[in-house]
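Written out below as structure tokens is the structure these notes cover.
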Amino acid sequence: MNALVVEGVSKTFRYCPQLPGGGSLKSAVLAWLRGRRTPRVEVAALRDVSFSVEAGEALGVLGANGAGKSTLLRLVAGAYRPDAGEVRVAGRVGRLLELGAGFHPDLSGAENAEIAALVAGLSLPDYRALRDSILAFSELGDFWTAPLRTYSNGMLLRLGFAVATAIRPSLLVVDEVLAVGDAGFQAKCRERIAALRAEGVALLVASHGLHELEATCERVLWLEGGRVRALDRTPVVLAAYRESGP
């Protein structure tokens, strides 16, 4: 059974390089009010990408900076919508895309955890049943009730990982962030990921760490210029990647 199917997905971003900030909403509105016409540039981040991930499988995503890895993970996580194609996920998605993503800095860890769980689809009673286990896994102690702006990067990772894995996702999406934690917490994360996979949770992880992909993933998707350059067993793809010398 597939936990994730990505079929013919393409994504293009548009921006105005002549505007301050590359074309933010504010600068675009100001330019429009002043009657300025500015050319727009289109950048194809993904082009006709297709693959699937089975329940319990770990698929790595590899590629140079700008290859489309983060865009792909954000599409799968629901942060973006594809311009073409379809993304189908069988169940909940646990998201670890960047430190503090989706959290509010002025709310406490406890408040952010509750909101994140509810957004992921848990009911309030279900979240309350998991709250103590989230706190215990995150090891935040008294910081549980402190504003997120007082957290270190490691503490943000602990909170995000604890929530993302506690909601019992069918798919866990990870974009590099586990590299931030200390060695002890990284080992703890790997143990939990192994336990989730044993229960049928699929893993989609983007990383520049080839040894991490070797240790974690059965298959690797290699992106280059937004297209699939290779999709095969991990040793096959990594050997080709190393030989290409990117």
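We did not get these values from a lab; they are worked out from the coordinates using the rules stated. Fair warning: this is a prediction, and the values are worked out from it, not measured in the lab. Please note: Cβ atoms are built from the backbone with ideal geometry, for glycine as well, and neighbour counts cover all protein chains shown.
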* If you take the residues of segment 74-89 that are farther than 18 Å from SER207 by Cβ and of a type outside the set (A, V, I, L, M), which of them is surrounded by the fewest Cβ atoms within 10 Å (Cβ to Cβ)? -> ARG81
* Using the structure shown, decide if ASP182 is surrounded by fewer than 15 Cβ atoms within 10 Å (Cβ to Cβ), closer than 25 Å to SER207 by Cβ and more than 14 Å from the chain's Cα centre (by Cα). => yes
* Within segment 188-203, is even one residue in contact with a Phe, Trp or Tyr (Cβ under 7 Å, 6 or more places away or on another chain) and surrounded by 15 or more Cβ atoms within 10 Å (Cβ to Cβ)? -> yes
* To do: Those residues that are closer than 11 Å to LEU62 by Cα, surrounded by fewer than 20 Cβ atoms within 10 Å (Cβ to Cβ) and of a type outside the set (Val, Ile, Thr), I need them from segment 220-245; list them, please.
  => GLU224, ARG229, ALA230, LEU231
* Does ALA164 satisfy the criteria of being under 19 Å from the mean Cα position of the chain (by Cα), part of a helix (DSSP H, G or I), closer than 23 Å to LEU130 by Cβ and among the small types (Gly, Ala, Ser)? -> yes
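A quick yes/no check of all residues on (1) touching a Leu at 6+ places or on another chain (Cβ under 7 Å); (2) surrounded by 15 or more Cβ atoms within 10 Å (Cβ to Cβ); (3) assigned to a helix (DSSP H, G or I):
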residue	(1), (2), (3)
LEU72	yes, yes, yes
ARG95	no, yes, no
ALA101	no, yes, no
TYR127	yes, yes, yes
SER133	no, no, yes
* Structure fact -> How many residues of segment 110-149 are closer than 23 Å to ARG190 by Cβ, under 22 Å from the mean Cα position of the chain (by Cα) and polar (S, T, N, Q)? The answer is 1
* Structure fact -> Here the residues within segment 197-243 that are part of a helix (DSSP H, G or I) and hydroxyl-bearing (Ser, Thr, Tyr) are THR216, THR234, TYR241
